[in-house]
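The values are calculated or read from the model by the stated rules, or taken from the named source; none is laboratory data. Remember, predicted model here, so these are calculated numbers, not experimental data. Heads up, the Cβs are rebuilt from the backbone with ideal geometry, glycines too, and the neighbour counts pull from every protein chain shown. When the accessible area is computed, the model is the full protein with side chains, heavy atoms only, and any ligands, DNA or RNA have been set aside. Shrake-Rupley method; radii C 1.70, N 1.55, O 1.52, S 1.80 Å.
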Amino acid sequence: MGRTYIVEETVGQYLSNINLQGKDFVSGLLIGQCSSQKDYVILATRTPPKEEQNENLKHQQKAKLGNLDEEWTTEHANQVSRMLPGGLLVLGVFIITTLEMGNDCQNALRRLIFAMEKSLNKRRLWNFTEEEISERVTLHICSSTKKIVCRTYDIRDPKSSAKPADWKYQNGLSTSWLPLECTVHVNIHIPLSTTSVSYTLEKNTKNGLVRWAKQIENGVYLINGQVKDEDCDLLEGQKKSSRGNVQAASHSFDVKVLTQLLLNSDHRSTATVQICSGSVNLKGAVKCRAYVHSNKPKVKDAVQAMKRDILNTVADRCEMLFEDLLLNEIPEKKSEKEFHILPHRVFVPIPGSTVMLCDYKFGDESAEEMRDHFIEMLDHMIQIEDLEIAEEINTACVSYSMNTEASLDNTDDEQPKQPIKTAVIMKIQQNIGVIAAVAVAVFAAGISFHYFSD
């Protein structure tokens, strides 16, 4: 028996309203959440066409599914994945074709699903666990007969064959989600060794974030001030309605993160000396949000969703900054200090749903630009007044210092001239000298924890 996909009815309406407009096929993404028993699909969004594809459409007599632009669709998946809070994933792809093209679509969908997952996996600071569902869905719809073919592929097995799956619509699915919120105080110090000085700043930062990610993965998570067993029901003790259901909209879970500072007696380390040419510091606060379906969620599901949102939002902001610098070809300055503002997080609700998606806004972007980007990426209308600014404009910035006399000991005291109230500050300081990084094993009965959140 294959997987079962429970799909919001509005997704079915959206797919049925897609008009091929003279094209032989239209493809897009399916967004939702996996669980051990079944998967949930709450949103579908078609991949926007390339401009040149629009211009050349009238000259194309017959498109071939073999020409399906995997790179373009994969890039769309990358962009959309940034807009998903913890707990939500790009679950797969859909394609709507003419009757004549129907027999050719499965091979194209298979290539697309593996190319997309490979690209998404490169960007993540986390890995799927062995227990998690590794199947991704492909949906083929014939535009004339409306026949649906739903199949899955195991992304862990490149040689896996298609398995049949059930596609079932359900009304009100999008209102059955439990939100979790967390403010995480980030303080990441990344030394830049002389051996890595030839690497790009982006690569050095990513390497440092990978080490920080282990702290987040191994942290202790308090839900509404309590540490709960991971196998416990998240809704244990919550009041239910007469029908036995918990109303998702009335429950919001506050999450706090405790990270281990000291090694316990089972660990042992030796002092090391590292020659460094500078350092990167990320410091400040970020707003995190995750969602789990209200159908018997476990504590471990909620914690995992929050962990991944923490990791995703920090990594995505850094990645977007480097992309922006490259796109705008900002030259390297020779001044002692240089600051770059990192984007801050903006949330927007899915129409008719309790789930909110997100995007990231640079200081010079207008609300109209944010709205247009949401519409382009998600193909759903939103209103400017629906945009929820989760953080202040100066949420994050990069400071770059060429002061060779500065030491790493006082980097925390350096602030941009413009005050930052809630900031993730990435300080990049080039310091020529030798930095001794000493790690000493601590033998203690207890474990010290540091609050990373309010």
Practice prompt. Select from the range 288-302 the residues that are open to solvent by less than 30 Å² (accessible area, probe 1.4 Å) and not in a loop (DSSP other than H, G, I, E, B) and list them in ascending order.
Written response: 288, 289, 290, 291, 292, 293, 299, 302
Item to complete: Take residue 317 and decide whether it is out of contact with any Asp or Glu (no Cβ under 8 Å at 6 or more places or on another chain), modelled with pLDDT of 90 or more and among the basic types (Lys, Arg).
Response: yes
Worksheet item: Applying the selection to the range 75-107, what residues are buried (at least 19 other Cβ atoms within 10 Å of the Cβ), assigned to a helix (DSSP H, G or I) and more than 27 Å from the chain's Cα centre (by Cα)?
Response: 101, 102, 105
Worksheet item: Of all residues in the range 130-161, which are assigned to a loop (DSSP other than H, G, I, E, B), closer than 23 Å to residue 11 by Cα and among the aliphatic types (A, V, I, L, M)?
Response: 133
Worksheet item: Do the conditions hold for residue 163, that is, is it among the basic types (Lys, Arg) and either in the same structural domain as residue 305 (by the TED database) or touching a strand residue (DSSP E or B) at 6+ places or on another chain (Cβ under 6 Å) (or both)?
Response: yes
Discussion item. Take residue 192 and tell me if it is assigned to a strand (DSSP E or B), outside the structural domain of residue 41 (by the TED database) and at pLDDT 95 or above.
Written reply: no
Item to complete: Please work out if residue 157 is open to solvent by 10 Å² or more (accessible area, probe 1.4 Å), of a type in the set (Asp, Glu) and without any contact (Cβ under 8 Å) to a residue 60 or more places away in the chain.
Response: yes
Response to the item:
Counted residues in the range 197-223 being surrounded by 16 or more Cβ atoms within 10 Å (Cβ to Cβ) and either of a type in the set (S, T, N, Q) or in a strand (DSSP E or B) (or both) come to 5
Item to complete: Provide a single number: the residues in the range 350-385 that are hydrophobic (A, V, I, L, M, F, W, C) and open to solvent by 70 Å² or more (accessible area, probe 1.4 Å).
Response: 1
Practice prompt. Could you run through the range 18-39 and say how many residues are touching a Gly at 6+ places or on another chain (Cβ under 7 Å) and open to solvent by 10 Å² or more (accessible area, probe 1.4 Å)?
Written response: 1
